[in-house]
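**Student:** Structure provided below as structure tokens; questions to follow.
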Amino acid sequence: MTPDNLEKINNLSNDQLKDGIWVWFSADGSDRLFDMYITNKYSSPTYALIHPGMIQLLVSTLDADIDYGIPAKVYSKQETLTQLLSDQFAYAEWPRKVFLNFSKSDDPKVDSLGHGLFLFLVNKISQIYLNAGHQEPSFESAEDLFYSLIERRSKKQIEHMKIAAERAADILKKSFSKIQSGMSEHQIYELIQRTMKETQENFVKNHSVTAESYSWNKDSCPIVLVGPNLQKGGHAETSDYCIKEGQTIYADFGVKLTFFDGSTVSSDLQRMAYLPKPTEANAPAEVQKVFNTLVTAIREGVKIIKPGMFGYEVDNIVRSYITDAGFPNYDHSTGHPIGEVAHSPGTLIGEKEKIRAQRKIQDMGTYTIEPRCQITNGGSIEEMVLVTDNGGVYLCEPQTELWIVGRNI
């Protein structure tokens, strides 16, 4: 476990774990978040037990000779494991709540226990309590604990995320400056990937980065849409449609960075440009309105976003600014948590009927804000934001000027 993650786990609210213990289970990489936050140096069934003032790892003899960075006790058989679990529950004074890794808000990223493993743990822990003369505990979702742990960023993570955001923004800006009339969406996609590759060696050398890859599947990173295709949804496929003068361009792109300490972060940005006609000194008023509306909507969201707000409250402010300006309602959420991966578990900045949007924004959490004007020659901009008590803070320089291809990029 890294010092950053140990600090974050130790900082979990005592109120969240009051009368409770988090039993976090994984076997041979079955829980991706366990590997990310606890350890990936194991193969056999492993338990992390978390309670105020206590973090204890229970590992098999097969995985015993490893420095985990936190206290570890070793079991050899099921009888030994049962006794170790019983000892830890007793040390925590037999908590009335046992938190397990299942979701109650349809979030597959934190729903890591399959049904069979859930039943196994419930039965095993219940029997331990009964054998010790205690009433069975109630089994609760660890979802809130997950979100508190995952959404709140350490100072080091924030610095790393700034690097990732600035890197994606730089790649997009360099790439957009090379766009020419007649290029297809797919050719622009290839241009962005080529720019990343051509500048990668120098970037990695200067930023304590050991590896750089794409924030999501390479085949769709970036997503590029132009002109009439901007009326499509945010995850529409990049096509062979060729851009013409007088059309807007949008790209959705991010990089995933691995640093020397083994930590990873991802970025996710969208940028917008306009390819002018030869007779145009600037973008036409209708295109400039699209851009100005997006920038102001994002700015309003960044200004008001604060810890404790519900995700849907932020969504409503940003989305309403778009629709009040006369543009159609876009077909996706206004934003999402971002961290180790582009779409991290946590509070969704989405419409109220979405369960995850009914969760609260976290202090020192990082989120995207990405409204869309979903029309022909429309656009979309996405910024990454750190949440503080004073509002949002951009993680890289935001786009505040419409890029005019061949002029001001």
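What follows draws every value from the coordinates through simple rules; no lab data is involved. Quick caveat: nothing in here was measured; it's all calculated off a predicted structure. Note that we place each Cβ from the backbone using ideal geometry, even for glycine, and neighbour counts take in every protein chain shown.
**Student:** Ranking 62, 257, 100 by Cβ neighbours within 10 Å, fewest first, what do you get?
**Tutor:** Ascending Cβ contact count within 10 Å gives the list 62, 100, 257.
**Student:** Right, another one. For the chain, modelled as a GNM with alpha-carbon contacts under 10 angstrom, which of 75, 189, 312 fluctuates the most?
**Tutor:** 75
**Student:** In a Gaussian network model over the chain where Cα atoms closer than 10 Å are linked, find which of 337, 95, 71 has the largest mean-square fluctuation.
**Tutor:** 71
**Student:** Follow-up. To the nearest 20 Debye, how big is the dipole of the chain about its Cα centre, given +1 on the beta carbon of each Lys and Arg and -1 on that of each Asp and Glu?
**Tutor:** Computed charge dipole of the chain: roughly 540 debye.
**Student:** Which one, 281, 24, 342, is farthest towards the positive end of the dipole of the chain when Lys and Arg carry +1 and Asp and Glu -1 on their Cβ?
**Tutor:** 281
**Student:** Would the stretch 3-149 count as rounded, prolate or oblate if I go by the C-alpha gyration tensor, calling it rounded below 1.5 in a/c and otherwise prolate when a/b exceeds b/c, oblate otherwise?
**Tutor:** rounded
**Student:** How big is the gap, in Å, between the Cα center of the stretch 130-188 and the Cα center of the stretch 322-395?
**Tutor:** 13
**Student:** Using Cβ contacts closer than 10 Å as the measure, can you line up 23, 295 from fewest to most?
**Tutor:** 295, 23
**Student:** Let me ask something additional. If each DSSP helix of 4+ residues adds -39,500 (n - 2.57) and the sum is divided by the residues in the chain, what number results at 222 nm, nearest 500 deg cm²/dmol?
**Tutor:** Counting only the DSSP helices, I get -10500 deg cm²/dmol.
**Student:** At a 10 Å Cβ-Cβ cut-off, how would you order 120, 146, fewest neighbours first?
**Tutor:** 120, 146
**Student:** Something else: In µm²/s, what is D for the stretch 152-404 at 20 °C and 1.002 mPa s, where D = kT/(6 pi eta Rh) by Stokes-Einstein and Rh is the Kirkwood radius from Cα pairs?
**Tutor:** D, rounded to a whole number, is 118 µm²/s.
**Student:** Let me ask you something else. So for the chain, averaging the separation of alpha carbon pairs under 8 Å that are six or more residues apart and normalising by length, what relative contact order in percent results?
**Tutor:** 15 percent.
**Student:** Anything over 26 Å Cα to Cα? Flag those among 104/256; 197/232; 178/218; 162/354; 174/352, in the order listed.
**Tutor:** 104/256; 197/232; 162/354; 174/352
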